[in-house]
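**Student:** I'd like to ask some things about the structure below.
What follows is calculated from the coordinates using simple rules that are stated; it is not laboratory data. What you are looking at is a predicted structure, and each value in this text was computed from that prediction instead of being measured.
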Amino acid sequence: MAHSIRGLQTTQTVVTQPVQWQLLLLLAAGPQSMRMIWQRLNGKQRWSCWCGLWRLQRRQLVMFHVKQRRWALTPAGETLRPILTAIQKCTATQKGGKSDDL
């Protein structure tokens with residue numbers, strides 16, 4: 001358990017903005033085009049979306065596939081999957097079991 005908590009604390013130092021968490025949660029479902037990402041974010045999050053993606057890319061957690069024109073998690077980003085899955089489960093429980101709403 002202590003190892004998990006240490007991993008979460010390390011992740012929290014890298015992922016510092018709520019929009020970055022939102023982007024990671026969206027990309028955990030699979031590669032997404034910018035249009036797909038844009039549709040899932042609200043107005044305020046849309047303005048910080050580019051900055052969030054840029055910061056996550058600099059931390060090597062996400063990457064842009066030029067040929068596919070989609071954003072996806074990198075192998076380093078995939079290591080966050082247990083954390084992202086736990087967040088999604090908690091969110092789904094709080095929203096009455098609707099896991100598609102983030």
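**Student:** Once the range 17-94 is represented by equal point scatterers at the alpha-carbon sites, with solvent omitted, what log10 I(q)/I(0) does the Debye formula produce at q = 0.13, 0.14 Å⁻¹?
**Tutor:** So the normalised log intensities work out to -0.35, -0.41.
**Student:** Something else now. Determine the gain in length on full extension of the stretch Lys44-Thr85; use 0.36 nm per residue of separation and subtract their C-alpha separation, reporting nm with one decimal. It would help to have the intermediate numbers written out before the result.
**Tutor:** Numbers: separation 41, 0.36 × 41 = 14.76 nm, distance 2.43 nm.
Roughly 12.3 nm would be gained on extension.
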